[in-house]
There are 2 protein chains.
Amino acid sequence: MASEHIIKSYDEELQRLDNTISQMGGIAESQLGAAIEAVVKRDSDLATEVIEGDVQVDNLEREIESMVVRMLALRQPMARDLRQSIAALKISSDLERIGDYAANVAKRSIALNQTPPVRPVYAVPRMGRLCQAMIKDMLDAYVERDADKALAVWLRDEELDEMYTSLFRELLTYMIEDPRNITACTHLLFIAKNLERVGDHTTNIAETLYFLVHGTPLVQARPKGDRSSLAVVRGAPPGEAEAETEA
Amino acid sequence: MASEHIIKSYDEELQRLDNTISQMGGIAESQLGAAIEAVVKRDSDLATEVIEGDVQVDNLEREIESMVVRMLALRQPMARDLRQSIAALKISSDLERIGDYAANVAKRSIALNQTPPVRPVYAVPRMGRLCQAMIKDMLDAYVERDADKALAVWLRDEELDEMYTSLFRELLTYMIEDPRNITACTHLLFIAKNLERVGDHTTNIAETLYFLVHGTPLVQARPKGDRSSLAVVRGAPPGEAEAETEA
C-alpha cells in the first residue's frame, strides 16, 4: 500500500477494505477455534454461540462486496488496485466458506454430544490447530502482502490433507470394530472433512494473494495429500479390521 | 441484453462472457451426469474421464476471470454492466465448485467399485437427476435473465436437502446393520454430501442472478432441509437399528 492516489479518500477506502478483510478473517478463525473447543469439551452452549455467530461473517462478506462494487463504479481502479478489488471479492468468499465450515463443525458437535465419546476425537483439535495457524499466517501474509509467506501456508495444506486421510481410515476401522461407534464416527468424518475443506479455502486465499502481489498465477500443482476418497477398508469382524488405501 | 453500447465490440465482449458461462455450465452439468452414471454402472473408465475432464471447467473459470478483469480495466462498466461483470466472477466460481464435486463423485465411484454393491446406491441417481435439472434450469434462467425461474430453482433445493437427509439416515442404518457395508456406505455418504453441495452452489447462482436482474439481494431465508448434521442413529445390534433425527 505504498502507492499514493491523488484523491486521499481513495487510499482510505482501500485501507478500509483491507481492514474489513482482516476483521472478517479474525472472526472466521475464532469461530473455528470455538467450534473445535465445542467438540473437545462437548459444550453444546458454545456450539450454539458459534452457529449463531456465523451471521457476522456473512454480513462482512456482503459489506466487502458492496465496498468493491462501489469502488469499481466510482474509482474505476486500474492495474494493482483493480487486482486488489477482485482479490477482496475472492478472499471474502473463501472466508465466508471457512465461517460456514466452522458453523457446520459446531452443529455436528451438538449431535456428537448425544453419543458416547469415541477415542478418535483426539485428532480433531490437532487438525483444528493446524487450520487456525494456517488462517492466521495467511491473514498476516495478506496484511504484509507477503507472497512467500502465502506460499508457505499453501504448502502446509499437504500436512492437513495427510492428517485427514489418516483420520478417515482410523474412523472407518472404529466403525467396523463396533457398530455402536458408527453415528459418532460419521459425524467425526464430516467434521474432519470440514477442516480439510477449511485448508483448501486457505490455500485458495494463498493463490489469490500470490496473484495480487505478482500479477501472475501460482501455477505449481498443489501437492494433494487427501487420498481418502480412494480409501477402501475391508469389512471385517470386530478385532480383525484392517485398513487399506489405494493410492 | 437489450442495451446498446456506443462501442459495438463491447456488446460482443459481454455476449462472449455470457456464452462462456453457458459453455462452462453445460460442461459442469454433463460432468456431473457422467459421474452419476459412473456410480450407477460401476464404470471406472468413465469415472477416470470425468476426473481428467475437470481441467476444462477450471480453465474456463480462469478465462472468465481474465475476461472480466480486462473488461473492468478497459471498459469501466457501470450499473448493470458492472453487476454483470461481478456476477460472471461469482457464477464461474460456483460452476467451478460444481465441477469439483462432479470429479469428487467420480473419484469415490472408483473406490465404490472395489466394494460389494449396497442397496442405497439407488438414491444417488435420483439426487443426481434433480441436481442436473436444477443446473440446467439455472443456466436457462441465466441466458433469459429470468429472476422468477432462478427463484423457482432456488426453492427446489429444499427437496434435494430432504433427499440427502433421508439418505444419510438410511446409510447410517445400513452401516449399523452390517459392518461389511461401512466402507461403501461411507463413500456413498460423501457422494450424497457432494450432490447436496452442488445444490447449494446452484442456489448461490440463483441468488447472484436475482441480484443481477433486480439490483437488490434475494433476502428471503432459504428453506433448509438438510438436517443430517443433527442426525443421531443409536448404535444397535443388526436388525434393531432405529433412526432418530433431532431437528
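Of all the residues that make up segment A:11-36, how many are without any contact (Cβ under 8 Å) to a residue 24 or more places away in the chain and touching a Ser or Thr at 6+ places or on another chain (Cβ under 9 Å)?
1
Scanning segment A:130-141 for residues being in contact with a Lys or Arg (Cβ under 9 Å, 6 or more places away or on another chain) and surrounded by 16 or more Cβ atoms within 10 Å (Cβ to Cβ) gives a total of 5.
Going by the structure shown, is residue A:62 part of a helix (DSSP H, G or I), open to solvent by 40 Å² or more (accessible area, probe 1.4 Å), within 11 Å of chain B (Cβ to nearest Cβ) and under 20 Å from residue A:146 (Cβ atoms)? Criteria not met by residue A:62. Every condition in (1) closer than 25 Å to residue B:109 by Cβ; (2) touching a residue at least 40 places away in the same chain (Cβ under 8 Å); (3) within 19 Å of the chain's Cα centre (by Cα) holds for residue B:52 except the one numbered (2). When we screen A:94, A:137 for residues that are within 14 Å of chain B (Cβ to nearest Cβ) and within 15 Å of the chain's Cα centre (by Cα), the only hit is A:94. For segment A:8-38, give me each residue that is surrounded by fewer than 22 Cβ atoms within 10 Å (Cβ to Cβ) and either closer than 30 Å to residue A:189 by Cβ or touching a Lys or Arg at 6+ places or on another chain (Cβ under 8 Å) (or both). Matches in segment A:8-38: A:10, A:13, A:26, A:27, A:30, A:33, A:34, A:37.
List the number of the failed condition for residue B:179; all other conditions in (1) over 16 Å from the mean Cα position of the chain (by Cα); (2) more than 10 Å from every other protein chain (Cβ to nearest Cβ); (3) without any contact (Cβ under 8 Å) to a residue 60 or more places away in the chain hold. In the conditions (1) over 16 Å from the mean Cα position of the chain (by Cα); (2) more than 10 Å from every other protein chain (Cβ to nearest Cβ); (3) without any contact (Cβ under 8 Å) to a residue 60 or more places away in the chain, residue B:179 misses (2) alone.
Assigned to a helix (DSSP H, G or I) and within 9 Å of chain A (Cβ to nearest Cβ) - does that describe any residue in segment B:116-133?
Of the residues in segment B:116-133, the ones assigned to a helix (DSSP H, G or I) are B:119-133.
Okay, now just the ones that are also within 9 Å of chain A (Cβ to nearest Cβ), so none.
So far as segment B:116-133 goes, no, none of its residues is assigned to a helix (DSSP H, G or I) and within 9 Å of chain A (Cβ to nearest Cβ).
Taken over segment A:111-129, the residue count meeting the criterion of being closer than 21 Å to residue A:27 by Cα and open to solvent by 10 Å² or more (accessible area, probe 1.4 Å) is 3.
Going by the conditions given, is residue A:74 modelled with pLDDT under 90 and either open to solvent by less than 40 Å² (accessible area, probe 1.4 Å) or not basic (Lys, Arg) (or both)? Taking the combined requirement at face value, the residue satisfies it.
The values are calculated or read from the model by the stated rules, or taken from the named source; none is laboratory data. In this text the structure is predicted, and so the values were computed from the model without any measurement. Here Cβ is always computed from backbone atoms with ideal geometry, including for glycine, and neighbour counts include all displayed protein chains. Quick note on the areas: whole protein, heavy atoms, side chains included, nothing else; ligands and nucleic acids left out. Shrake-Rupley method; radii C 1.70, N 1.55, O 1.52, S 1.80 Å.
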